[in-house]
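K.L.:
Just passing along the structure, written as structure tokens.
The values are calculated or read from the model by the stated rules, or taken from the named source; none is laboratory data. Since this is a predicted model, take the numbers as computed values, not measurements. Please note: Cβ atoms are built from the backbone with ideal geometry, for glycine as well, and neighbour counts cover all protein chains shown.
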Amino acid sequence: MMDRTDRHFRYFLRQLSAETLLYTEMKTANAIIHGDRGRLLGYSPEEGPLSLQVGGSDPGQLAEVAKIATDYGYDELNLNVGCPSSRVRKGFFGACLMAKPQLVAECVDAMRKNTQLPITVKHRIGIDDIDTYEHMERFVETVASAGCDRFTVHARKAWLQGLSPKQNRTIPPLRYEDVYRLKRTHPALSIEINGGIKTHEAITSHLAQVDAVMIGRAAYETPFIFAQADQIHFDARKPSISREDAVRVMIPYISKWHEMGEPIHRITRHMLTLYVGIPGTKSWKQSLSKPLNGRSPAQLLEEALTDVKRIQDRQLEDTETSYA
């Protein structure tokens with residue numbers, strides 16, 4: 001989810017769901033230690049609970065990152081052992097580390113010694129020809145021996161040679177049963193499943209087999225599914241938010257950042273898919289993509305909402321006329 005789950009998207013998603021655990025984009029340990037930490041790690045308190053996802057393979061660096069994450073107030077530290085990109089592989093982190101379970105265990109151990117935060121690991125069911133259930137189980141058992149008790153499993157293997165990151169999200173077949181089996185075999189571990197999950201019906205089905213579900217691309221492509229997450233999966237009694245209200249609660253946030261010099265498209269780009277699947281989505285995207293041209297962010301968003309409502313009212317009128 002690089003270039004997707006930045007602080008602005010997370011703030012927007014938090015307006016839809018108060019209970020779900022949100023993750024940052026993957027940040028490399030080296031960048032965190034030597035880079036602009038305010039830009040890389042900054043977030044709004046409203047985003048919590050929030051997990052910092054980190055990529056790296058040097059136990060010493062990751063131990064330092066664990067201390068930094070603690071100081072920044074994150075709720076969890078997640079080590080990414082699932083990303084299959086060639087750039088990540090050249091840095092010797094991500095999915096290629098599934099071939100080095102002992103090293104991953106050493107990384108987890110180093111982090112745990114430097115923080116009280118939960119240390120979790122996201123990984124694939126396998127890579128290349130290291131792809132049997134037994135391979136994955138050995139990886140998990142080795143890492144668990146270092147004190148990790150929660151694993152997020154992307155239920156596809158990754159081909160590190162020959163497939164792009166995009167292809168690795170679709171071409172290798174999903175093997176949900178392997179993840180279910182892992183949970184049955186290791187009931188003391190918390191097992192979270194990821195990969196190809198897009199609906200609440202699917203989430204509910206998976207939760208009958210594992211402890212948690214991670215939503216990846218669907219969170220960005222159809223974010224409004226999170227508006228019902230608290231009611232369906234966390235027994236929240238507060239009514240779910242409407243699309244219109246979700247937009248309006250974002251106006252003060254967008255206006256604040258606009259006043260600080262942030263181009264509003266860096267925020268509104270994350271809201272383009274809010275109306276996906278219902279009338280008005282094309283108008284919404286077009287209206288939200290227009291330049292301000294002297295308008296305030298509030299005026300732009302209100303005009304976009306008005307355009308959507310006009311289209312929806314017109315379609316309702318046409319439907320009523322056809323039944324008359």
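K.L.:
Would you be able to tell me the number of residues in the stretch 227-248 that are assigned to a helix (DSSP H, G or I) and either of a type in the set (D, E, K, R) or within 24 Å of ASP307 (Cα to Cα) (or both)?
P.N.:
Residues in the stretch 227-248 being assigned to a helix (DSSP H, G or I) and either of a type in the set (D, E, K, R) or within 24 Å of ASP307 (Cα to Cα) (or both): 8 in total.
K.L.:
Of the conditions (1) surrounded by 21 or more Cβ atoms within 10 Å (Cβ to Cβ); (2) in contact with a Ser or Thr (Cβ under 7 Å, 6 or more places away or on another chain); (3) over 18 Å from MET2 (Cβ atoms), ILE119 fails just one. Which one is it?
P.N.:
All conditions are met except number (2).
K.L.:
Tell me, please, whether a residue that is charged (D, E, K, R) and within 24 Å of ASP75 (Cα to Cα) can be found in the stretch 127-138. Break it down into steps so the answer makes sense when it comes.
P.N.:
First pass over the stretch 127-138, keeping only residues charged (D, E, K, R): 128-129, 131, 134, 137-138.
From what is left, the residues that are within 24 Å of ASP75 (Cα to Cα) are none.
No, that holds for no residue.
K.L.:
Residue check: is PRO263 outside any loop (DSSP other than H, G, I, E, B) and free of Cβ contacts under 8 Å to residues at least 12 places away in the same chain?
P.N.:
Details: outside any loop (DSSP other than H, G, I, E, B): no; free of Cβ contacts under 8 Å to residues at least 12 places away in the same chain: yes.
When the stated conditions are applied, PRO263 does not pass them.
K.L.:
Further, regarding this structure: Of the conditions (1) under 21 Å from the mean Cα position of the chain (by Cα); (2) touching a residue at least 24 places away in the same chain (Cβ under 8 Å); (3) more than 28 Å from ARG39 (Cβ to Cβ), ALA236 fails just one. Which one is it?
P.N.:
Every listed condition holds for ALA236 apart from (1).
K.L.:
Restricting to the stretch 165-200, name every residue that is farther than 25 Å from ILE119 by Cβ, assigned to a loop (DSSP other than H, G, I, E, B) and free of Cβ contacts under 8 Å to residues at least 24 places away in the same chain.
P.N.:
LYS166, THR170, ILE171, PRO172, PRO173, LEU174
K.L.:
Now, a different point. Looking only at the stretch 135-154, filter to residues that are part of a loop (DSSP other than H, G, I, E, B) and touching an Asp or Glu at 6+ places or on another chain (Cβ under 7 Å); which one of those is surrounded by the fewest Cβ atoms within 10 Å (Cβ to Cβ)?
P.N.:
Of all residues in the stretch 135-154, those part of a loop (DSSP other than H, G, I, E, B) come to 145-149.
Restricting the remaining residues to those that are touching an Asp or Glu at 6+ places or on another chain (Cβ under 7 Å) gives 146-147.
Numbers: ALA146: 19, GLY147: 13.
Top of the filtered list is GLY147.
K.L.:
Please verify whether the stretch 101-113 includes one or more residues that are touching a residue at least 60 places away in the same chain (Cβ under 8 Å) and surrounded by 16 or more Cβ atoms within 10 Å (Cβ to Cβ).
P.N.:
no
K.L.:
Among residues belonging to the stretch 276-306 that are polar (S, T, N, Q) and farther than 20 Å from PHE224 by Cβ, point out the one that is surrounded by the fewest Cβ atoms within 10 Å (Cβ to Cβ).
P.N.:
ASN293
K.L.:
Next question, about the same structure. Applying the selection to the stretch 239-260, what residues are more than 21 Å from ALA18 (Cβ to Cβ) and in contact (Cβ under 8 Å) with a residue 12 or more places away in the chain? Talk me through it step by step, then tell me what you get.
P.N.:
The initial filter retains those residues of the stretch 239-260 that are more than 21 Å from ALA18 (Cβ to Cβ), namely 255, 257-260.
Listed by number, the residues that qualify are SER255, TRP257, HIS258.
K.L.:
So which pairs qualify, if the first residue must be in the stretch 201-212 and at negative phi, the second must be of a type in the set (Phe, Trp, Tyr) and modelled with pLDDT of 95 or more, the Cβ gap must be under 8 Å, and the two must be at least 6 apart or on different chains?
P.N.:
So the pair list comes out as HIS206/TYR176; GLN209/TYR176; GLN209/TYR180; VAL210/TYR180.
K.L.:
Kindly evaluate LYS309 against the criterion of being touching an Asp or Glu at 6+ places or on another chain (Cβ under 9 Å), surrounded by fewer than 13 Cβ atoms within 10 Å (Cβ to Cβ) and at pLDDT below 95.
P.N.:
Taking the combined requirement at face value, the residue does not satisfy it.
K.L.:
Let me ask something else. Of everything in the stretch 54-98, what is modelled with pLDDT under 95, in a helix (DSSP H, G or I) and farther than 19 Å from ARG169 by Cα? Give them in sequence order.
P.N.:
Residue satisfying the conditions is LYS90 alone.
K.L.:
Against the condition in a helix (DSSP H, G or I) and either modelled with pLDDT of 95 or more or more than 30 Å from VAL249 (Cα to Cα) (or both), how does THR204 come out, does it pass? Please lay out each step first, then the result.
P.N.:
Numbers: in a helix (DSSP H, G or I): yes; either modelled with pLDDT of 95 or more or more than 30 Å from VAL249 (Cα to Cα) (or both): yes.
Considered against the rule, which asks whether it is in a helix (DSSP H, G or I) and either modelled with pLDDT of 95 or more or more than 30 Å from VAL249 (Cα to Cα) (or both), THR204 comes out as yes.
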